[in-house]
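One structure below.
What follows draws every value from the coordinates through simple rules; no lab data is involved. Remember, predicted model here, so these are calculated numbers, not experimental data. In this analysis, Cβ positions are derived from the backbone assuming ideal geometry, glycine residues included, and neighbour counts consider all displayed protein chains.
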């Protein structure tokens, strides 16, 4: 498979379609991003690294960072984490409070805002310096010291994060948050502000295509079993209430963010990142979803 030629061809096709998405204007800083940005980068296990468009520009990865937080918490507490968050698709928007009442404060999965807030609470309880320790972990597994938070974006989210405040306090009322909600939310906003390029993302997530082993040094980041479970969660829950659609049309584990980024992983093959800021009605990148559907259709490669 000539991945470089395929990425280039699909990129050119999707670049020319009408971008019918909308910017994530409810976060003021995200609304300032150039809506025409469009980048793609692929990293393969046989050392192909190729990108097109705005693939080297850093952007706020938003909910893609929830995967990294989950991985670190999973490494620390192991299977106990599933006592705090479920592993089922939600069928509801990413910031919904609906299921928490019935399920007594246990979020349906770790990629909903509620689930990621609980994961942040776990990290706060287990890390001496959560903000510093988390970014050190991300830099280590990516072998990239340039990765960092955006204080401007974190503050912008904090100023309008009323629904996240409601989620965190609601979960706290069921006794499912151990730390102070304000501390949990501050860490959560920092987490979502993490900035990466498509190149950064595809290289970082390549270990999930490699059975949990870092491609730089063969270091075990996750066990093979843990890696399989993270990929399974991305497959079933990575796109909120559009996860079934993504599985149906693309057929890869993946995770989106309202900054317009998407990371997708083909086990034993590659990791591919797409960025286009305009979102569809479900909160996923409009052109990103179109690109990945066309890419896996043409390559005839998916996990199914």
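For the listed peptides 209-218, 51-60, a ranking on the average number of other beta carbons within 10 Å per residue, highest first, reads 51-60, 209-218. As a length-normalised measure over Cα pairs under 8 Å and 6 or more apart, the relative contact order of region 63-192 settles at 32 percent. Counting pairs of Cα atoms in region 12-69, how many percent are more than 12 Å apart? Distances greater than 12 Å cover 77 percent of the Cα pairs. Spread over its residues, the convex hull of the C-alpha atoms of region 168-304 is 140 Å³ per residue.
To the nearest ten degrees, helix 65-77 and the longest principal axis of the Cα atoms of the chain are 60 degrees apart. Considering only 146, 36, 236, the Gaussian network model of the chain with Cα springs below 10 Å gives its largest mean-square fluctuation to 146. If one takes the longest principal axis of the Cα atoms in the chain, at what angle in degrees, from 0 to 90 and to the nearest 10, does the Cα axis of helix 181-192 lie? In the chain, helix 181-192 runs at an angle near 10 degrees to the longest axis.
One equal scatterer on each Cα of the chain, no solvent, Debye formula: the resulting log10 I(q)/I(0) at q = 0.07, 0.10, 0.15 Å⁻¹ is -0.23, -0.48, -1.16. Between region 74-148 and region 228-304, the alpha-carbon centres lie 20 Å apart. Peptides 244-256, 187-199, 87-99, 117-129, ordered by how many other C-beta atoms sit within 10 Å of their residues on average, highest first, read 187-199, 244-256, 117-129, 87-99.
For the chain, the longest principal axis of the Cα atoms and the long axis of helix 162-173 meet at an angle of about 50 degrees. When shorter helices are ignored and each DSSP H run of at least 4 residues is given -39500 (n - 2.57), the per-residue value for the chain at 222 nm works out to -13500 deg cm²/dmol.
Mean sequence separation of contacting Cα pairs (under 8 Å, at least six apart), scaled by the length of the chain, corresponds to a relative contact order of 28 percent.
May I ask you to derive the relative contact order of region 193-269, considering only C-alpha pairs under 8 Å and at least 6 residues apart, and to give it as an integer percent? Averaging sequence separation for qualifying contacts and normalising by length gives 28 percent for region 193-269. Could you run the Debye sum over the Cα atoms of region 63-192, one equal point scatterer each and no solvent, and tell me log10 of I(q)/I(0) at q = 0.21 Å⁻¹, two decimals? Log10 I(q)/I(0), no solvent term: -1.29.
Global size of region 1-140: 18.6, 50 Å for Rg and Dmax (C-alpha atoms, Rg to one decimal, Dmax whole).
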